[in-house]
Structure formats: C-alpha cells, structure tokens
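*Asks:* This is the structure, below, for whatever I ask next.
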Amino acid sequence: DLSTGIIYRRRIATCQNVIPEILRKVTSWGNLVSVLKVPNIYLEEESWLNLQERNMSMRTRCLTWTQFASLSEESAFRESLENPDWTDFTQKGRISVTGAGLLNCVLEAFARSFLKQGVKK
C-alpha cells in the first residue's frame, strides 16, 4: 500500500501431516478418520510489514480440519525499546478441537505440544 507503506502478503502453505499414525488408526468416527489420514495440512498465513514503524505482524490459521479443529497463531516483531538493534517477539496461539468425542483432549494436547516445539525452534 503506497499510502501507508505497509506490505501485505497472504499465502497458503502445505505441511506434512504430523498426527501420529496411532491416533490416525485409533479414531473410528466417520469423517474424522478420513480427515486425520490426509497426507498434507494446509495453512493460511497473512503478514503485514510496516517499514515506517519497523514492525511486522503475522497471523496463521489451519485450513485443514476446520470441521473438527480451530488452530491459529499470531506473532508480532517490533524494534526493542532497550536497543534498536534488537527485536521484541511475541506470539500467541489458540487450539480447539470438537466433534472427536473422547479424543478431543488427546488431539488438543498433541497440537499444543507440536506448537510448543515450533516455538522453541
């Protein structure tokens, strides 16, 4: 956007399905079985880079499993107030699984663990 100087990007990413094989085999609830067995997971990522204010915001959400799960993540990168050569990074995520019966908690715990591993990287 030439008037604001903000660069906006939207992209779709493909990732390999990381749901453990045991969870894919244990589930026997109609649509859930076919949804968990997909080879790839699709994500939508949006980003806003403000060169004038020297910050960037990102929002990612899962496009796969939308009928059973909601996974989203928001990140912000800003110039540090302590040192302009440093970057302050904040991140938050949300996970909600429904329609999987007793496996709701198991799938949420797995997703939470997977996202925490990504944060550590």
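*Asks:* What do you reckon, is Glu46 open to solvent by less than 90 Å² (accessible area, probe 1.4 Å), modelled with pLDDT of 75 or more and within 13 Å of the chain's Cα centre (by Cα)?
*Replies:* Working: open to solvent by less than 90 Å² (accessible area, probe 1.4 Å): yes; modelled with pLDDT of 75 or more: yes; within 13 Å of the chain's Cα centre (by Cα): yes.
The answer is yes for Glu46.
*Asks:* A further question follows. Mind listing whichever residues of the stretch 52-73 are closer than 26 Å to Leu2 by Cβ and under 11 Å from the mean Cα position of the chain (by Cα)? Talk me through it step by step, then tell me what you get.
*Replies:* Taking the stretch 52-73 first, the residues closer than 26 Å to Leu2 by Cβ are 52-59.
The answer is Met58, Arg59.
The values are calculated or read from the model by the stated rules, or taken from the named source; none is laboratory data. The model shown is predicted, which means the values in this text are computed figures rather than measured ones. Cβ coordinates were reconstructed from backbone atoms using ideal geometry, including for glycine residues, and neighbour counts include every protein chain displayed. Only protein heavy atoms, including side chains, enter the accessible area calculation; ligands, DNA and RNA are left aside. Shrake-Rupley method; radii C 1.70, N 1.55, O 1.52, S 1.80 Å.
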